[in-house]
Amino acid sequence: MADARPFHWEYRPEPVAREVFRIDGGQPLTGMVTISGAKNSALKLFAAATLTGERCRLTNVPEIEDVRVMAETLRDLGVVVEHPADNVYEIASGDVEWLFVPLEAAARMRASFILLGPLLARFGRVIISNPGGDRIGRRPVDLHVEAMRTLGASIDYRNGYYFATAPGRLRGAEVTFPFVSVMGTENALLAATLADGHTVIRPAAQEPEVDDLISFLQAMGAAVERTAPDTIEVDGRKRLRGAEHRVMPDRIEAGTFAIAAAVTGGRVILQDAPCDDLAAFIEILRGVGVGVTCGPDSIEIDGAALHAGGYTARDIETAPYPGLATDLQPPTAVLLTQAAGTSHVHEAIFEDRLEWTTEIRRMGAKLKLTDGHHATITGPSSLVGAEVEIGDLRAGASLMLAALAAKGTSTIHGAHHVHRGYENIEGKFLDIGASITRDAEGTTVNDS
Ligand code: EPZ
């Protein structure tokens with residue numbers, strides 16, 4: 001039944017205050033950092049919670065802007081989203097009244113598109129904006145839309161919005177992707193849990209965050225299994241129940257702080273960090289000469305070699321998991337600026353994810369872009385503080401890493417990008433000895 005009420009949407013997100021980081025670099029970082037819950041799992045778990053009207057409880061949720069945007073987007077649909085304590089959210093989707101994800105939500109966060117599958121599967125219709133997202137490439141969603149059509153949905157695209165309906169119920173099917181898509185896999189998986197019949201998704205993304213989502217869905221009563229490394233199979237259920245889940249640690253945050261220790265010649269223990277989920281990245285660190293010791297739920301990073309013998313250049317190439325995560329390409333590139341010799345970087349996933357390197361060149365990095373997917377880094381180069389501008393979330397964190405390694409003071413504009421995906425990043429850097437302040441345009445807020 002089409003919703004009779006007009007879609008006049010009063011969605012006025014607060015203007016994001018522009019912030020700058022000021023960092024005095026050059027000193028080794030030492031101590032311990034506790035890794036927060038994974039952004040790229042938590043956002044999907046919120047979406048999964050809309051598959052049931054029963055209450056779901058998520059713990060170890062990172063306190064970051066993207067989670068707040070997702071919570072706000074769900075509340076605007078009529079979902080009850082409570083935040084009873086830090087890092088804890090409770091979600092109850094009993095009375096969803098609007099099946100409309102507006103432009104503003106999608107423009108602030110591409111991951112809002114993950115609501116397509118669950119809302120379509122549970123309610124049979126949704127209007128959702130074509131998402132924006134980080135400035136790292138076109139970021140189309142054609143694979144998501146095709147997967148929904150394969151599951152029986154009809155989807156029209158008009159004036160920037162997808163109008164999706166699933167008369168009756170979605171139907172289980174063979175969903176085959178031309179290449180791996182993380183959120184494409186997750187949207188198909190979420191939709192299939194309530195579809196009528198059996199669904200096979202391949203090649204299914206193998207990122208650990210997908211398995212975190214699978215374990216939450218299983219706790220909700222979904223019949224979903226990873227039956228082969230790149231295959232997920234689902235038997236649709238009529239309904240799912242509420243469940244509780246602890247968000248897995250954020251391997252990208254862990255990798256970011258590992259590079260911070262490596263490029264400052266420090267020694268840092270990453271608590272609650274998943275060695276197993278970082279095998280390709282750790283292999284690169286060790287190949288360059290960084291000391292890495294894996295504990296049961298921690299990783300110790302030793303950057304002593306930076307000043308004794310030095311690091312060795314090596315080539316890197318991003319790939320779907322279990323390859324090197326594209327989100328770790330910018331931090332790893334910062335490490336390669338400190339390695340003796342020539343390193344080749346191949347960013348195979350996104351077409352614009354090397355743009356940020358123009359900024360690191362201002363700090364003295366010797367880096368050449370051969371095309372949108374390839375760069376050559378010659379090192380070691382001694383970095384010096386500079387004034388730089390952040391373009392996207394992961395580039396922002398990487399410019400912070402370069403500033404921590406650089407001699408002198410750096411001013412990094414666009415700090416708000418970093419707060420989208422890293423919980424209390426300045427506080428965590430301060431705890432391991434960094435000299436950093438966060439200025440909200442004109443005033444200095446010293447996070448002591
Ligand atoms: C997820 O994005 C992550 N985001 C990204 O992290 C991550 O970089 C990416 O996976 C790759 O690991 C979240 O999980 C919220 P893809 P996603 O679909 O799912 C193309 C961060 O900073 N493609 O696996 O959007 C696409 O353009 C973010 O946390 C299509 O062509 O990535 C890319 O070239 C950045 N059509 C490739 O596939 C589609 O319909 C892989 O993208 C979808 C994707």
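The values are calculated or read from the model by the stated rules, or taken from the named source; none is laboratory data. It should be emphasised that the depicted structure is a prediction, and the values quoted were computed from it without experimental measurement. Positions of Cβ are generated from backbone atoms using ideal geometry, with glycine treated the same way; all protein chains shown enter the neighbour counts. Side chains included, ligands, DNA and RNA excluded: accessible areas come from the protein's heavy atoms. Shrake-Rupley method; radii C 1.70, N 1.55, O 1.52, S 1.80 Å.
Brief remarks on what is shown
- Spacing of the modelled spin labels on Asp371 and Ala348, each 7 Å from Cα toward Cβ, amounts to 1.5 nm.
- For Phe100, residues with placed amide H under 5 Å, excluding near neighbours: Ile127
- Accessible surface of the chain [probe 1.4 Å, protein heavy atoms]: carbon and sulfur percent: 51 percent
- Unsatisfied cross-links (Cα-Cα over 23 Å) in the set Lys39/Lys238; Lys366/Lys407; Lys39/Lys368; Lys407/Lys428: Lys39/Lys238; Lys39/Lys368
- A 1.4 Å probe run over the protein chains yields, for the chain, 37 Å² of accessible area per residue, whole-number rounding.
- Residue-wise HN-Hα coupling along segment 366-373, computed from phi with Karplus coefficients 6.51, -1.76, 1.60 (Hz; x: Gly, Pro): 9, 9, 10, 8, 8, 7, x, 10
- Along its first, second and third principal axes, ordered by size, the chain spans 67, 48, 40 Å in Cα coordinates.
- Taking Cα atoms only, the orientation of helix 39-48 departs from the longest principal axis of the chain by about 10 degrees.
- Cα pair distances exceeding 24 angstrom across segment 114-261, given as percent: 33 percent
- Estimated [θ] at 222 nm from DSSP helical runs (n ≥ 4, -39500 (n - 2.57)) normalised by residues in the chain, nearest 500: -8000 deg cm²/dmol
- Span from the segment 394-422 Cα centroid across to the segment 233-261 one, whole angstrom: 25 Å
- Each 5 Å bin from 0 upward holds the following percent of the Cα-Cα pairs of segment 348-448: 2, 12, 21, 24, 20, 11, 6, 3, 0.
- Between Asp95 and Asp297, the distance separating the two model label sites (each 7 Å from Cα on the Cα→Cβ line) works out to 3.8 nm.
- Full extension of the segment from Ala440 to Asp156, taken as 0.36 nm per residue of separation minus the current Cα-Cα distance, would add 98.0 nm.
- Between 0 and 90°, nearest 10: helix 393-405 axis offset from the chain longest Cα axis: 20 degrees
- Between 0 and 90°, nearest 10: helix 208-219 axis offset from the chain longest Cα axis: 40 degrees
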